[in-house]
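The block underneath contains the structure these notes are about, expressed in C-alpha coordinates.
The values are calculated or read from the model by the stated rules, or taken from the named source; none is laboratory data. Everything numeric in this text was worked out from a predicted model, so none of it was measured. Neighbour counts run over all protein chains shown; Cβ positions are idealised from the backbone, glycine included.
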(Lines give C-alpha, C1' and ligand atoms only; values in the text may rest on other atoms or scores of the structure.)
Protein backbone atom coordinates (compact mmCIF):
# COMPACT_ATOMS: atom_id res chain seq x y z
CA UNK A 1 0.00 0.00 0.00
CA UNK A 2 1.40 3.39 -1.00
CA UNK A 3 1.47 6.20 1.54
CA UNK A 4 -0.33 9.44 0.82
CA UNK A 5 2.90 11.46 0.66
CA UNK A 6 4.21 9.30 -2.17
CA UNK A 7 4.45 11.01 -5.56
CA UNK A 8 4.21 8.61 -8.50
CA UNK A 9 4.81 9.46 -12.12
CA UNK A 10 4.33 7.19 -15.12
CA UNK A 11 6.76 7.95 -17.93
CA UNK A 12 5.72 6.42 -21.27
CA UNK A 13 8.68 6.72 -23.61
CA UNK A 14 10.99 4.34 -25.46
CA UNK A 15 13.95 6.75 -25.74
CA UNK A 16 16.07 5.86 -22.70
CA UNK A 17 19.00 8.06 -23.69
CA UNK A 18 16.92 11.25 -23.82
CA UNK A 19 14.88 10.56 -20.72
CA UNK A 20 17.49 9.15 -18.32
CA UNK A 21 18.62 12.64 -17.18
CA UNK A 22 14.98 13.62 -16.59
CA UNK A 23 14.33 10.43 -14.61
CA UNK A 24 17.38 11.18 -12.44
CA UNK A 25 16.19 14.71 -11.62
CA UNK A 26 12.63 13.50 -10.95
CA UNK A 27 13.97 10.93 -8.50
CA UNK A 28 16.10 13.61 -6.82
CA UNK A 29 12.93 15.70 -6.46
CA UNK A 30 11.32 12.84 -4.51
CA UNK A 31 9.17 11.43 -7.30
CA UNK A 32 8.93 7.69 -7.84
CA UNK A 33 9.24 7.14 -11.58
CA UNK A 34 7.69 4.13 -13.28
CA UNK A 35 8.86 3.70 -16.87
CA UNK A 36 6.84 2.07 -19.64
CA UNK A 37 8.43 1.66 -23.07
CA UNK A 38 5.10 1.32 -24.89
CA UNK A 39 1.37 1.97 -24.34
CA UNK A 40 0.61 -1.71 -23.65
CA UNK A 41 3.10 -1.61 -20.77
CA UNK A 42 1.58 1.67 -19.55
CA UNK A 43 -1.85 0.02 -19.28
CA UNK A 44 -0.29 -2.70 -17.11
CA UNK A 45 1.17 -0.11 -14.71
CA UNK A 46 -2.07 1.88 -14.62
CA UNK A 47 -3.95 -1.31 -13.75
CA UNK A 48 -1.87 -2.05 -10.66
CA UNK A 49 -3.98 -1.79 -7.52
CA UNK A 50 -1.06 -0.92 -5.21
CA UNK A 51 0.11 2.15 -7.17
CA UNK A 52 -1.68 5.44 -7.71
CA UNK A 53 -0.18 7.74 -10.34
CA UNK A 54 -0.37 11.51 -10.01
CA UNK A 55 1.01 12.39 -13.44
CA UNK A 56 1.71 10.77 -16.80
CA UNK A 57 4.49 12.03 -19.05
CA UNK A 58 3.84 10.69 -22.54
CA UNK A 59 5.93 10.63 -25.68
CA UNK A 60 3.93 10.78 -28.90
CA UNK A 61 6.22 8.67 -31.07
CA UNK A 62 6.34 5.27 -29.39
CA UNK A 63 6.46 1.67 -30.59
CA UNK A 64 3.42 -0.43 -31.26
CA UNK A 65 3.77 -3.39 -28.89
CA UNK A 66 1.40 -5.65 -27.00
CA UNK A 67 -2.13 -4.28 -26.81
CA UNK A 68 -1.07 -1.53 -29.18
CA UNK A 69 0.02 -3.77 -31.98
CA UNK A 70 -0.01 -2.50 -35.55
CA UNK A 71 -3.68 -3.54 -35.75
CA UNK A 72 -4.59 -0.88 -33.18
CA UNK A 73 -1.90 1.69 -33.88
CA UNK A 74 -0.77 1.58 -37.50
CA UNK A 75 2.26 3.82 -36.97
CA UNK A 76 4.56 4.77 -34.07
CA UNK A 77 4.07 8.38 -35.21
CA UNK A 78 0.51 8.45 -33.85
CA UNK A 79 0.65 5.78 -31.15
CA UNK A 80 0.98 8.26 -28.26
CA UNK A 81 -2.03 10.23 -29.51
CA UNK A 82 -4.12 7.06 -29.76
CA UNK A 83 -3.13 6.02 -26.23
CA UNK A 84 -4.07 9.45 -24.83
CA UNK A 85 -7.37 9.50 -26.68
CA UNK A 86 -8.11 5.98 -25.43
CA UNK A 87 -7.24 6.94 -21.82
CA UNK A 88 -9.55 9.97 -21.93
CA UNK A 89 -12.51 8.24 -23.57
CA UNK A 90 -14.31 6.05 -21.01
CA UNK A 91 -16.72 4.71 -23.64
CA UNK A 92 -14.05 3.69 -26.14
CA UNK A 93 -14.05 -0.04 -26.74
CA UNK A 94 -11.01 -1.39 -28.50
CA UNK A 95 -12.29 -4.09 -30.86
CA UNK A 96 -8.77 -5.49 -31.26
CA UNK A 97 -8.43 -6.67 -27.66
CA UNK A 98 -10.37 -9.16 -25.52
CA UNK A 99 -13.54 -8.09 -23.69
CA UNK A 100 -12.00 -8.72 -20.25
CA UNK A 101 -9.15 -6.35 -21.15
CA UNK A 102 -11.69 -3.70 -22.20
CA UNK A 103 -13.43 -4.11 -18.81
CA UNK A 104 -10.11 -3.62 -17.00
CA UNK A 105 -9.42 -0.51 -19.05
CA UNK A 106 -12.82 0.98 -18.22
CA UNK A 107 -11.96 0.66 -14.51
CA UNK A 108 -8.54 2.22 -15.12
CA UNK A 109 -10.06 5.09 -17.10
CA UNK A 110 -12.48 5.83 -14.27
CA UNK A 111 -9.65 5.79 -11.73
CA UNK A 112 -7.51 8.14 -13.83
CA UNK A 113 -10.17 10.27 -15.52
CA UNK A 114 -8.64 13.48 -14.14
CA UNK A 115 -4.96 12.59 -14.20
CA UNK A 116 -2.79 15.32 -15.71
CA UNK A 117 -0.93 14.16 -18.82
CA UNK A 118 2.11 16.03 -20.06
CA UNK A 119 3.05 15.28 -23.64
CA UNK A 120 6.85 15.26 -23.98
CA UNK A 121 7.79 14.98 -27.63
CA UNK A 122 10.70 15.22 -30.04
CA UNK A 123 8.32 16.57 -32.69
CA UNK A 124 8.99 20.10 -33.83
CA UNK A 125 6.45 22.27 -32.00
CA UNK A 126 7.39 25.55 -33.67
CA UNK A 127 4.74 26.67 -36.14
CA UNK A 128 2.59 23.67 -35.23
CA UNK A 129 -1.00 23.40 -34.07
CA UNK A 130 -0.10 20.21 -32.18
CA UNK A 131 0.15 21.75 -28.68
CA UNK A 132 -3.24 23.49 -28.92
CA UNK A 133 -4.90 20.46 -30.50
CA UNK A 134 -3.66 18.10 -27.78
CA UNK A 135 -4.83 20.42 -24.99
CA UNK A 136 -8.41 20.16 -26.26
CA UNK A 137 -10.91 17.31 -26.23
CA UNK A 138 -10.58 14.39 -26.81
CA UNK A 139 -6.96 14.52 -25.59
CA UNK A 140 -7.04 17.11 -22.78
CA UNK A 141 -3.29 17.18 -22.22
CA UNK A 142 -2.19 19.39 -19.34
CA UNK A 143 0.70 20.69 -21.43
CA UNK A 144 2.78 19.81 -24.47
CA UNK A 145 6.54 20.17 -24.12
CA UNK A 146 9.49 19.68 -26.41
CA UNK A 147 12.18 17.15 -25.62
CA UNK A 148 14.64 19.87 -26.49
CA UNK A 149 14.54 20.64 -22.79
CA UNK A 150 17.02 23.21 -21.82
CA UNK A 151 17.22 22.41 -18.12
CA UNK A 152 16.10 18.97 -16.92
CA UNK A 153 16.40 19.97 -13.27
CA UNK A 154 14.02 22.91 -13.77
CA UNK A 155 11.67 20.74 -15.84
CA UNK A 156 11.60 18.09 -13.10
CA UNK A 157 10.60 20.81 -10.61
CA UNK A 158 7.80 21.97 -12.93
CA UNK A 159 6.50 18.39 -13.10
CA UNK A 160 6.73 18.14 -9.30
CA UNK A 161 4.58 21.28 -9.03
CA UNK A 162 1.94 19.66 -11.27
CA UNK A 163 1.92 16.60 -9.02
CA UNK A 164 1.59 18.68 -5.86
CA UNK A 165 -1.23 20.69 -7.42
CA UNK A 166 -3.03 17.43 -8.27
CA UNK A 167 -2.50 16.02 -4.77
CA UNK A 168 -3.86 19.19 -3.15
CA UNK A 169 -6.88 19.17 -5.49
CA UNK A 170 -7.72 15.54 -4.71
CA UNK A 171 -7.02 15.93 -1.00
CA UNK A 172 -4.60 12.97 -0.84
CA UNK A 173 -7.48 10.48 -0.93
CA UNK A 174 -5.43 7.93 -2.82
CA UNK A 175 -3.16 5.81 -0.71
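Some observations on this one:
- Residue that is surrounded by the most Cβ atoms within 10 Å (Cβ to Cβ) [pool: residues in region 131-145 that are out of contact with any helix residue (DSSP H, G or I) (no Cβ under 6 Å at 6 or more places or on another chain) and either under 27 Å from residue 52 (Cα atoms) or in contact (Cβ under 8 Å) with a residue 40 or more places away in the chain (or both)]: 134
- For region 149-166, the set of residues classified as assigned to a loop (DSSP other than H, G, I, E, B) and free of Cβ contacts under 8 Å to residues at least 12 places away in the same chain consists of 150, 151, listed by residue number.
- The criterion of at least 3 residues that are modelled with pLDDT under 90 and either out of contact with any strand residue (DSSP E or B) (no Cβ under 8 Å at 6 or more places or on another chain) or more than 21 Å from residue 139 (Cβ to Cβ) (or both) is met by the following helices (runs of 4 or more DSSP H) wholly inside region 1-106: 16-28, 76-88.
- Close contacts from region 10-28, counting a first residue that is loosely packed, with under 14 Cβ neighbours inside 10 Å and a second that is part of a helix (DSSP H, G or I), with Cβ to Cβ under 9 Å and a gap of 6+ residues or different chains, come to 16/23; 27/156; 28/153; 28/156.
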